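Just below is one structure, and these are the notes that go with it.
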Amino acid sequence: MSDIWVISDTHFFHSNILKFTDSTTGKLIRGSRFDSVEEMNECMLDNWNSVVKPGDKVYHLGDVFIGPKEDFQKFWPKLNGSKRLIVGNHDDIKFLASGGFFSKVQMWRMFPEFGLLFSHVPLDPSGLRRGAPTDENAPMLLNVHGHIHQNPSPTEHHRNVSVEAIDYTPINIEELRIK
C-alpha cells in the first residue's frame, strides 16, 4: 500500500533563498543551516527519499524550484514517488505541467475523508467550513498550506508544511488528518 506525503516551498536551485532573513529576528532562514544551494538540494533529496518510497504519492504545495531548468530536469527524477503539484506563486506552470514532472497539476485539492484542504497560500478561515460557509456549526477543514516559510500558520485551522516548518522532510498525510 502506498503512502501520501506533503511538502511545500522547496525552492530547489534558488541560491538567493540562502540570503533571506526572518523579518522579526533578522537571522538567516536557510543560510544558517546550509552553506550552498547544492547542500540544501542534497539535504532535501536525502530527507525526501528517506521517507517517500517509489510507489508513494507526494503533493508538493508549490514553489518547487527557482533556477536553471536544465539542472531541475536532471535533479527532479531522483526524488521518489508520483508527484502532484498544487501551484505556488513562483511556479512556472506551463513548464512544470508540460514537462512530465507531475502526474496532476491543480490549484487546490480537498481530502474530505481526512478533513483536509491543500493550497499553496493559507486560505481565509471562512472558506474552510464543510457544507455551507454560513453554518457556524459545520465542522472545519484543516487548510494544509505553504507559502509562509518559517512563519506560524494564522489559525488553528491551518497547518504550514513549508520545508522550514517540517525540517525539510515531507510529512505523511496521516499526521495531518482530522480525526
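The values are calculated or read from the model by the stated rules, or taken from the named source; none is laboratory data. Everything numeric here is computed off the predicted structure, so don't read it as measured data. Reconstructed Cβ throughout: ideal geometry from the backbone, glycine too, with neighbour counts over all protein chains shown.
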task = With the condition kept exactly as written, say whether any residue in region 30-47 is polar (S, T, N, Q), touching a Phe, Trp or Tyr at 6+ places or on another chain (Cβ under 9 Å) and within 26 Å of Ile17 (Cα to Cα).
result = yes
request  = Scan region 67-91 residue by residue and report those that are within 13 Å of Phe102 (Cα to Cα) and of a type in the set (Gly, Ala, Ser).
outcome  = Gly81, Ser82
inquiry  = Out of the residues in region 14-29 meeting the condition of being surrounded by 11 or more Cβ atoms within 10 Å (Cβ to Cβ) and closer than 10 Å to Gln150 by Cβ, tell me which one is nearest to the chain's Cα centre (by Cα).
reply    = Ile29
request  = Scan (1) among the aromatic types (Phe, Trp, Tyr); (2) touching a strand residue (DSSP E or B) at 6+ places or on another chain (Cβ under 8 Å); (3) free of Cβ contacts under 8 Å to residues at least 60 places away in the same chain for the single condition Phe34 breaks and write down its number.
outcome  = (2)
ask   = Restricting attention to region 117-170, which residues are in contact with a strand residue (DSSP E or B) (Cβ under 6 Å, 6 or more places away or on another chain) and among the polar types (S, T, N, Q)?
value = Ser119, Asn143, Ser153, Ser162
note = So, first residue over 17 Å from Met140 (Cβ atoms) in region 97-113, second residue of a type in the set (Ser, Thr, Tyr), Cβ within less than 6 Å, six or more apart or across chains; the pairs are Ser103/Ser82
query = Of the numbered conditions (1) within 17 Å of Asp167 (Cα to Cα); (2) surrounded by fewer than 17 Cβ atoms within 10 Å (Cβ to Cβ); (3) in contact with an Asp or Glu (Cβ under 6 Å, 6 or more places away or on another chain), Asp3 satisfies every one except a single condition; which is it?
reply = (1)
ask   = Quick one: in region 41-88, which of the residues that are assigned to a loop (DSSP other than H, G, I, E, B) and of a type in the set (A, V, I, L, M) is surrounded by the fewest Cβ atoms within 10 Å (Cβ to Cβ)?
value = Ile66
ask   = What number of residues within region 89-120 satisfy the criterion of being on the phi < 0 side of the Ramachandran plot, surrounded by fewer than 18 Cβ atoms within 10 Å (Cβ to Cβ), of a type outside the set (A, V, I, L, M, F, W, C) and outside any strand (DSSP E or B)?
value = 9
key: Pick from region 124-152, criterion within 15 Å of the chain's Cα centre (by Cα) and surrounded by fewer than 18 Cβ atoms within 10 Å (Cβ to Cβ), ranking: nearest to Ser8 (Cα to Cα)   = Gln150
Residue list for region 130-156, restricted to those being part of a loop (DSSP other than H, G, I, E, B), closer than 17 Å to Arg109 by Cβ and modelled with pLDDT of 95 or more = Gly146, His147
ask   = Out of all the residues in region 2-23, is one or more under 26 Å from Lys53 (Cβ atoms), touching a Ser or Thr at 6+ places or on another chain (Cβ under 7 Å), assigned to a loop (DSSP other than H, G, I, E, B) and in contact (Cβ under 8 Å) with a residue 24 or more places away in the chain?
value = yes
